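The values are calculated or read from the model by the stated rules, or taken from the named source; none is laboratory data. The structure presented is a predicted model; accordingly, all values stated were derived computationally and were not measured. Cβ: placed from backbone, ideal geometry, glycine included. Neighbour counts: every protein chain shown. These accessible areas exclude ligands, DNA and RNA; they are computed on the full protein's heavy atoms, side chains included. Shrake-Rupley method; radii C 1.70, N 1.55, O 1.52, S 1.80 Å.
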Amino acid sequence: MTENRSRDGHVLVWEQAQMATDEGIVPQKKFGTRHYTVFMLFLGMANAYVMRTNMSVAIVAMVNQTAIEKEAEEFDDECPDTDYGDQSDDSVDGEFIWSTSMQGYILSSFFYGYVITQIPFGLLAKRYGAMRFLGWGMLLNSVFAFLVPVAARQGGAGWLIAVRFIQGLGEGPIVPCTHAMLAKWIPPNERSRVGSIVYSGAQFGTVISMPLSGLLADHGFDGGWPSIFYVFGIIGTVWSIAFLITCHEDPVTHPRIREDEKKYIQQSLWGNAAIHIPPIPWTSIAKSLPFYAILLAHLGQNYGYETLMTELPTYMKQVLRFSIKTNGVLSALPYLAMWLFSIVVGWVADWLLTSGRINHTWTRKISNSIGQYGPAIALIVASYTGCSRGLTVAILTIGVGLNGGIYAGFKINHLDLTPRYAGILMAFTNCSANLAGLLAPMAAGNIIEGKPTIAQWRIVFVIAACVYIFTATFYNIFASGQRQFWDNPENDEPQKASIEAPVHSETNGVNGTTTASLTHRTVNEAHQS
């Protein structure tokens, strides 16, 4: 399990701390500026997922269920009925008469806006910086939340779809721009836990959003459901303004960061804002197997996750006659398990790296294997649990919980391959993966249409498990934790950082490692001295 991380005189990545200490730069031990940035990115991710999921709760209260013609829902009679967890509708009818198909258009409108802006914002963030696109995008998303009740009541479904679409456009920068900022702020040996913390904000936001949205829909002001968008709109607006005022693109441009922390971060990274970033090496990226390993893992993740979180509850309702969605605690358990487990895996992964026990490549592969093989096994087991409701709920929780391993796996792996183009790679993989996520409900609908039996649902689960297993195996074969040769600053055009350059750190283009560049010296001369 050795990995070549000392080529061309460069320093092993887990030896960064020792190198920093030798040169008088001690890593910040207490809460520093980078930790505050991580905290704000975590809250931003939570806000993003609140905005994405609150409509699914609100629309139940918005629609007049008795006024629309309901399709007869098919149930399987293999399992006995139950007197708990049913979905008898005792709620007060809403004010809108929207068909099921129209509700589908409303719910998906946000998604379409979100997907089409992924790649453009990834490219813009590389050229102009990520921080402002992220802050202003989320501010747009939050402000338009206030217009949701107005659009629905004054303009009907068409205006509501337009407002939700614009909200999706505003949320487009959240993932690629977050990735681009992490590349500039976080040293390699902190990426696993930091990436897990930031991206677990998605689960945290979902855990907060679903029960709170339900409470606001039942007991909120202005008719209940509008308060969902007003409350979360205020929270999102406050966060966006605070983020734009207090956060900065990178340590170099931050006016209040401690000097020792700035030097520690700079010495751990190449590709910060002070260094010229050349054009995107599209041809090299297109030929990169480690990039395709991440792409396939991301595709498999979204397909499998949609099956776990969308189709398994439907199976429990149609076959087991038990609706997990009617129980707020049970519906939040899988997200809570994934949130907590992802943080644990991130800390363990970084500990393994800093202790020198295993290298970056093996850390990513092991973490990702837990995150994708675990849910695959859970899906297969769930398809053979028969009519056991409690066991199925437990499997759902464990499977989604183990899925948290992906954050220290493929999800943060873009930063290992290419810190300077990580946001662009994430934009491509996240856009493709979100489109792939649409296939899960489509496939399940075609397989179980007219016959929602245990046998047919087993096919749905096994297909999703096979997708998980195939993509995780492809990742294990071709993934890498090394910085790729096409992102090697030593190959840049010669406005070289070796002439009149400030002290900064550079990472080996192939191996993701660090070396200090000194004023009036080339990189190699610095290492020879």
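Odds and ends about this structure:
- Restricting the search to helices (runs of 4 or more DSSP H) fully inside the range 281-366 and requiring at least 1 residues that are modelled with pLDDT of 90 or more, within 24 Å of the chain's Cα centre (by Cα) and under 27 Å from Val207 (Cβ atoms) gives 289-306, 328-354.
- The set of residues in the range 438-451 that are open to solvent by 10 Å² or more (accessible area, probe 1.4 Å) and touching a helix residue (DSSP H, G or I) at 6+ places or on another chain (Cβ under 7 Å) comprises Leu439, Pro441, Ala443, Ile447, Ile448.
- Restricted to the range 380-419, and to residues there that are of a type in the set (A, V, I, L, M, F, W, C) and within 25 Å of Tyr292 (Cα to Cα), the residue that is most open to solvent (accessible area, probe 1.4 Å) is Leu402.
- Within the range 275-316, the only residue that satisfies the criterion of being among the β-branched types (Val, Ile, Thr) and out of contact with any helix residue (DSSP H, G or I) (no Cβ under 8 Å at 6 or more places or on another chain) is Thr283.
- Filter result (modelled with pLDDT of 80 or more and in a loop (DSSP other than H, G, I, E, B)) within the range 96-116: Ile97, Trp98
- Scanning the range 289-300 for residues that are open to solvent by 10 Å² or more (accessible area, probe 1.4 Å) and not hydrophobic (A, V, I, L, M, F, W, C) turns up Pro290, Tyr292.
- Among (1) within 19 Å of the chain's Cα centre (by Cα); (2) open to solvent by less than 40 Å² (accessible area, probe 1.4 Å); (3) at pLDDT 90 or above - the single one Ser209 does not satisfy: (3)
- All positions within the range 33-51 that are of a type outside the set (Ser, Thr, Tyr) and farther than 12 Å from Glu171 by Cβ: Arg34, His35, Val38, Phe39, Met40, Leu41, Phe42, Leu43, Ala46
- Close contacts from the range 105-120, counting a first residue that is in contact (Cβ under 8 Å) with a residue 60 or more places away in the chain and open to solvent by 10 Å² or more (accessible area, probe 1.4 Å) and a second that is in a helix (DSSP H, G or I) and hydroxyl-bearing (Ser, Thr, Tyr), with Cβ to Cβ under 9 Å and a gap of 6+ residues or different chains, come to none at all.
- Restricted to the range 416-529, the set of helices (runs of 4 or more DSSP H) holding at least 1 residues that are more than 30 Å from Asn302 (Cα to Cα) and modelled with pLDDT under 50 comprises 523-528.
Okay, residues lined up against (1) more than 28 Å from Glu190 (Cβ to Cβ); (2) in contact (Cβ under 8 Å) with a residue 24 or more places away in the chain; (3) open to solvent by 20 Å² or more (accessible area, probe 1.4 Å):
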{"position": "Leu308", "(1), (2), (3)": "yes, yes, no"}
{"position": "Val345", "(1), (2), (3)": "no, yes, no"}
{"position": "Gly356", "(1), (2), (3)": "no, yes, yes"}
{"position": "Ser369", "(1), (2), (3)": "no, yes, yes"}
{"position": "Gln372", "(1), (2), (3)": "no, yes, no"}
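- Residue in the range 397-412 that is within 20 Å of Gly300 (Cβ to Cβ), among the charged types (D, E, K, R) and under 15 Å from the mean Cα position of the chain (by Cα) present: yes
- Failed item in (1) of a type outside the set (S, T, N, Q); (2) in contact with a strand residue (DSSP E or B) (Cβ under 9 Å, 6 or more places away or on another chain); (3) buried (at least 21 other Cβ atoms within 10 Å of the Cβ), with Leu182 passing the rest: (2)
- One residue from Pro188, Pro173 being touching a strand residue (DSSP E or B) at 6+ places or on another chain (Cβ under 9 Å) and buried (at least 19 other Cβ atoms within 10 Å of the Cβ): Pro188
- With respect to the conditions (1) within 26 Å of His298 (Cβ to Cβ); (2) in contact with an Asp or Glu (Cβ under 9 Å, 6 or more places away or on another chain), Pro251 falls short on a single one, namely (1).
- Annotation note: Cβ proximity below 8 Å between a residue of the range 213-238 that is at positive phi and a residue that is open to solvent by less than 10 Å² (accessible area, probe 1.4 Å) and assigned to a helix (DSSP H, G or I) (sequence gap 6+ or interchain) occurs for Asp222/Pro149.
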